[in-house]
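What follows is calculated from the coordinates using simple rules that are stated; it is not laboratory data. Bear in mind that the values here come from a model prediction, so they are computed numbers and not experimental data. Neighbour counts run over all protein chains shown; Cβ positions are idealised from the backbone, glycine included.
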Amino acid sequence: MMDAYDRIHQHTSGTHAVIDLDAYARNIQTLRSLTPSCAFMAVVKADAYGHGAATCGQAAIDAGATMLGVARISEALYLRERGVSAPILVLGPPTEASIGSAIQSNITLAIGSEPALSAIQATADRLGRDVTVHLKVDTGMRRYGFRPDEVGAIAERVRSSSLLELEGVFTHFSSADDRDESVTPDQIRLFERAAEELTQRGIDVRYRHVANSAAILRGLTGSSNMVRSGIATYGLSPSEEVPVDRRFDPILSIRSTVARRFALNPGDSVSYNRTYIAAEVVEAADVSIGYADGLPKGTSNAGWFLANGQRCPILGRVCMDQVVIEAPVDMRVGDAVIVIGSGRNGEMTFEDAGRMAGTNNYEVATRLTARVPRVYLRNGEPVAWEHLLTGDRGVLKADVAG
Ligand SMILES: *Cc1c(COP(=O)(O)O)cnc(C)c1O
């Protein structure tokens with residue numbers, strides 16, 4: 001019988017990422033159950049951390065998210081183009097030239113600096129259109145946001161504008177994923193004092209939000225009524241200090257296929273710079289994935305793929321488009337391998353690859369490139385796919401594809 005992955009291979013013929021939308025919905029439900037009195041913002045910036053923002057964004061809304069969060073206006077416009085009509089907040093500073101498009105597409109903007117506020121006001125005036133804004137308070141990131149002592153005056157300016165509607169006030173934690181847990185409560189105190197100032201001025205703001213995934217997992221949400229989560233929705237841990245527990249499942253796995261099967265003789269070297277030299281006869285396989293797909297070069301001579309439940313070590317350097325692994329005797333051309341997955345069956349995880357590459361799981365996930373087609377599952381069956389490089393995408397009917 002043909003299983004889901006065989007059907008996926010018919011559509012991708014090689015390296016692809018599989019994203020389980022049911023697991024994504026479950027992760028979101030788990031996060032919501034941890035913060036039952038809060039609205040939920042699903043953070044889908046950076047193409048949903050490599051998982052595909054259009055499909056994941058809509059799936060998050062379907063799973064009960066109130067709002068989507070992105071970093072740039074261009075990301076919000078992309079979601080609108082792809083038919084996502086839910087509220088979207090651009091968390092970062094808006095590019096002045098894009099503010100008009102954002103307003104026309106009903107995108108919510110974060111005001112966190114005087115020039116940003118002025119540019120948003122001027123554009124709203126010019127277009128004669130309302131814009132919903134969230135006020136960003138800087139409580140320690142020193143990136144984007146007003147100092148707590150500026151918040152009252154800024155909120156008064158927003159209130160006096162007939163076109164700006166202040167819907168939210170928020171801050172971002174610098175260290176919620178740290179071993180040292182002392183920083184976040186101080187940031188919460190600063191934020192709440194600023195939010196209190198708004199209340200005292202009679203400025204009613206619908207959403208107060210502070211917590212990212214790490215803060216949600218640690219219960220550090222203060223008195224906010226919305227939370228923002230990215231990494232944990234994808235089933236990945238914010239850090240080694242703040243791991244997701246077993247209620248969460250990683251939702252993405254990277255898969256590829258064996259392109260060539262061969263034997264190395266003693267003394268044969270593999271790949272660039274001869275960093276691996278066979279000491280004996282070694283069965284090997286060439287797999288069509290490389291660092292230009294998102295497999296970190298740091299996994300060279302360190303990582304492994306999973307084939308038929310067996311770990312196959314990476315031999316030599318990961319190239320741009322190919323990598324050589326040690327092959328089990330029964331491996332054949334066309335066989336599927338798991339490059340990165342949940343780890344539940346012994347496969348390499350985003351955390352493993354991040355550690356080998358001297359970075360974190362966030363960076364490995366977001367570096368999955370446009371060359372890798374994404375295939376989406378519901379009920380264990382492929383239901384949709386897309387390929388950002390070619391712009392192709394489609395809906396799969398599992399019962400027809402076989
Ligand atoms: C990226 C981001 C988040 C999500 O962080 P996670 O650690 O992935 O949950 C939340 N808030 C802001 C402002 C962000 O930039």
| note | Ranked output for segments 101-108, 32-39 by mean other Cβ atoms within 10 Å, highest leading, reads 101-108, 32-39
| query | Given the C-alpha centroids of region 213-259 and region 135-181, what is the distance between them in whole angstrom? | reply | 24
| request: Can you check what the net charge comes to around Asn308, using other residues whose Cβ is under 9 Å from the Cβ of Asn308 (Lys, Arg +1; Asp, Glu -1)? | output: -2
| task | List every DSSP H helix in the chain whose Cα atoms extend 15 Å or more along the helix's own long axis and whose mean Kyte-Doolittle hydropathy is at least 0.0. | result | 114-127
| field | Three-way shape label, region 59-218, alpha-carbon gyration tensor, a/c 1.5 | value | oblate
| query | ³J(HN,Hα) across region 316-325 via Karplus (A = 6.51, B = -1.76, C = 1.60, θ = phi - 60°), whole Hz, x for Gly/Pro? | reply | x, 6, 6, 8, 5, 10, 9, 8, 10, 10
| task | Provide the packing ranking of 367-375, 76-84, i.e. peptides ordered by the mean count of other C-beta atoms within 10 Å per residue, highest first. | result | 367-375, 76-84
| said: Counting only other residues whose beta carbon sits under 11 Å from that of Val131, what net charge do I get with K and R as +1, D and E as -1? | reply: -3
| Cα convex hull of the chain - mean projected area over all directions, nm² | 20.9
| request: Of the DSSP beta bridges with both residues in the chain, give the percent that are antiparallel, rounding to the nearest 5. | output: 55
| said: Starting from 0.36 nm per residue, how many nanometres of slack lie between Glu81 and Thr366 once their C-alpha separation is accounted for? | reply: 100.5 nm
| field | Selection from Thr108, Gln310, Gly346 lying farthest towards where the dipole of the chain points positive, charges on Cβ | value | Thr108
| request: Considering only Ser98, Ser288, Ser253, give the residue with the highest GNM mean-square fluctuation for the chain, with springs between Cα atoms whenever their separation is below 10 Å. | output: Ser98
| For the chain, what does -39500 (n - 2.57) per DSSP helix run (n ≥ 4), summed and divided by total residues, give at 222 nm, in deg cm²/dmol to the nearest 500? | -8500 deg cm²/dmol
